[in-house]
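Written out below as C-alpha cells is the structure these notes cover.
The values are calculated or read from the model by the stated rules, or taken from the named source; none is laboratory data. The structure presented is a predicted model; accordingly, all values stated were derived computationally and were not measured. Here Cβ is always computed from backbone atoms with ideal geometry, including for glycine, and neighbour counts include all displayed protein chains.
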Amino acid sequence: MRMLSVIVPCYNEEESVADFYQELMKNETFFKEKELEVEVLFIDDGSRDNTVAEVKKLREADPRVRLVSFSRNFGKEAGMYAGLEKSRGDYAVLMDVDLQDPPSLLPEMYSYIEQGYDSVATRRVNRKGEPPIRSLFARMFYRLMKRISRTEIMDGARDYRLMTRQMVNAILQMQEYNRFTKGIYGWVGFETKWIAYENVERAKGETKWNFWKLLIYSLEGITAFSTVPLSIASVMGVLFCVLAFALIIFIVVRTSIFGDPVSGWPSLVCIISLISGVQLFCMGIIGQYLAKTYLEVKRRPIYIVKEEL
Ligand code: UDP
Ligand code: MG
C-alpha cells in the first residue's frame, strides 16, 4: 500500500481544524479505491489558541492524525518545511487549513501523478474577494520576478501542491533559512501539472497576512531568487560617470570662453543630494543581501519542535 501525507500548517486555527478534517475525509472512498494509506500531519506553528487541543481531539478518534507543534511562531514557510521533513508518505500534499485549498481536488490531482507527473500544483485564475491594492501589488511582483529571476514563479500559484517523494526529497535538500517555497519549486524542476481554480474565500477565522507582511515576504522572494538588484549600483555608477564627464567638458569649455563668475552652489547642492541619495539606495540593496547572507551563515534551525505525536 502507498501512503499519502497531507501536510497542514496551522496558526491560531481552532475554528477550522475540525471542519478541515471532515472535508478532507470526504475523500475516504477515493483513498480506499486507490489503496492509499493516509496520514494527516497538522503543523502547529506556535498557536496561542486551542489549535493543539483540537488536533489532539481528532487524534484520539483517528490515529492517522499526527501533530508537530513548534515552540513559537516560525511562519508558514517553516511549517511547510517541517511538514515535508516529518512526512512519511510516498506522496505529500500541502494544504491550508482554512479550506481555501479544496480537498475535493485531490482525486483529480492524484490522477495526474498516476499519469507520470512529479507534481501537481494549483493556481487561482482570479483574485476575487481580495483587496484591490493587494491584487495590484501581487501582479506587479510576479511581473517583476519574471524579468529579474531565471527561476520560474507562476502568477497566482498557491502553496497547494501534491508531490512525489522524489520531489519532496529534492526540496528538503534546500535547507536555506530564508525560504521562498514558490521559487524553490521552480528551482528544483521536475514535471509539474498546473490546475486552475476559482479563488475560494476563507471558511472561518481570518487571514494571517496583512499588506506589510506580504510586502516583506515579496522582498524575501526577490533577494532569494534574483541578484539583479545588486547590479543597480554598477549601472547607476556608470551612468553618473558618463554624466560627470559630459559636465566636466561643458564646464571647462564654458569657463574658458566666458570666464568664471562665482555662482551655482544651489545646483551643486542638488547634484550632491541626488547622488548621495542614489548611493544610499544602492547601499541599502547591498545591505539587504548582506543581512540575508548573515542569517544564512549562522545556520540556525528552520524550526524548533516542542511536541510531536
Ligand atoms: N499559517 C502558518 N503560520 C503563520 C501564518 C499562517 O502556519 O505564521 C497557516 C495558516 O494557519 C493557514 C495557512 O498558513 O493554514 C495560510 O494562511 P492564511 O489563510 O492566513 O493566508 P492567506 O490564505 O490569507 O494567504
Ligand atoms: Mg487562507
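For this structure, a couple of remarks:
- Where a residue in region 293-305 is basic (Lys, Arg) and its partner, wherever it lies, is assigned to a loop (DSSP other than H, G, I, E, B), with Cβ under 7 Å and at least six apart: Arg300/Tyr177
- Filter result for Glu307 (within 30 Å of Gln173 (Cα to Cα), of a type in the set (Asp, Glu), at pLDDT 85 or above and over 21 Å from the mean Cα position of the chain (by Cα)): yes
Okay, residues lined up against (1) at pLDDT 80 or above; (2) over 26 Å from Val97 (Cβ atoms); (3) within 10 Å of ligand 1 (Cβ to nearest atom):
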{"site": "Val200", "(1), (2), (3)": "no, no, yes"}
{"site": "Gly205", "(1), (2), (3)": "no, no, yes"}
{"site": "Phe211", "(1), (2), (3)": "yes, no, no"}
{"site": "Leu214", "(1), (2), (3)": "yes, no, yes"}
{"site": "Ser218", "(1), (2), (3)": "yes, no, no"}
{"site": "Gly221", "(1), (2), (3)": "yes, no, no"}
{"site": "Leu230", "(1), (2), (3)": "yes, yes, no"}
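- Candidates Ile171, Ile153, Ile184, filtered to the one that is out of contact with any His (no Cβ under 9 Å at 6 or more places or on another chain), more than 16 Å from ligand 2 (Cβ to nearest atom) and not in a helix (DSSP H, G or I): Ile153
- Taking region 83-104 as the range and being hydrophobic (A, V, I, L, M, F, W, C) and within 15 Å of ligand 2 (Cβ to nearest atom) as the test, the residues that pass are Leu94, Met95, Val97, Leu99.
- Of all residues in region 37-80, those that are of a type in the set (D, E, K, R), closer than 25 Å to Asn27 by Cβ and in a loop (DSSP other than H, G, I, E, B) total 3.
- Residues considered: Ile232, Ile271, Ile251. Of these, the only one that is surrounded by 10 or more Cβ atoms within 10 Å (Cβ to Cβ), touching a residue at least 24 places away in the same chain (Cβ under 8 Å) and among the β-branched types (Val, Ile, Thr) is Ile232.
- Residue within region 204-211 that is outside any loop (DSSP other than H, G, I, E, B) and in contact (Cβ under 8 Å) with a residue 24 or more places away in the chain present: yes
- Residues located in region 104-134, provided they are surrounded by 13 or more Cβ atoms within 10 Å (Cβ to Cβ) and within 13 Å of ligand 1 (Cβ to nearest atom): Thr122, Arg124, Arg127, Glu130, Arg134
- Residue in region 135-147 that is within 15 Å of ligand 2 (Cβ to nearest atom), aliphatic (A, V, I, L, M) and out of contact with any strand residue (DSSP E or B) (no Cβ under 8 Å at 6 or more places or on another chain) present: yes
- Of Leu247, Leu280, all but one fail to be under 40 Å from the mean Cα position of the chain (by Cα) and at pLDDT 80 or above; the exception is Leu280.
- Hey, Val200 surrounded by 14 or more Cβ atoms within 10 Å (Cβ to Cβ) and more than 16 Å from ligand 2 (Cβ to nearest atom) or not: no
- Failed item, numbered, when Glu35 is tested on (1) of a type outside the set (Lys, Arg); (2) at positive phi; (3) crowded, with 21+ Cβ neighbours inside 10 Å: (3)
- Reported count of residues in region 70-80, each being away from ligand 2 (no atom under 16 Å from the Cβ), surrounded by 21 or more Cβ atoms within 10 Å (Cβ to Cβ) and either small (Gly, Ala, Ser) or more than 24 Å from Phe180 (Cα to Cα) (or both), is 1.
- Every residue from region 259-309 that is closer than 30 Å to Ser71 by Cβ and among the polar types (S, T, N, Q): Gln288, Thr293
- Of all residues in region 81-102, those being surrounded by fewer than 20 Cβ atoms within 10 Å (Cβ to Cβ) and in a helix (DSSP H, G or I) number 2.
- Among the criteria (1) within 16 Å of ligand 1 (Cβ to nearest atom); (2) modelled with pLDDT under 90, the one Ser71 does not fulfil is (2).
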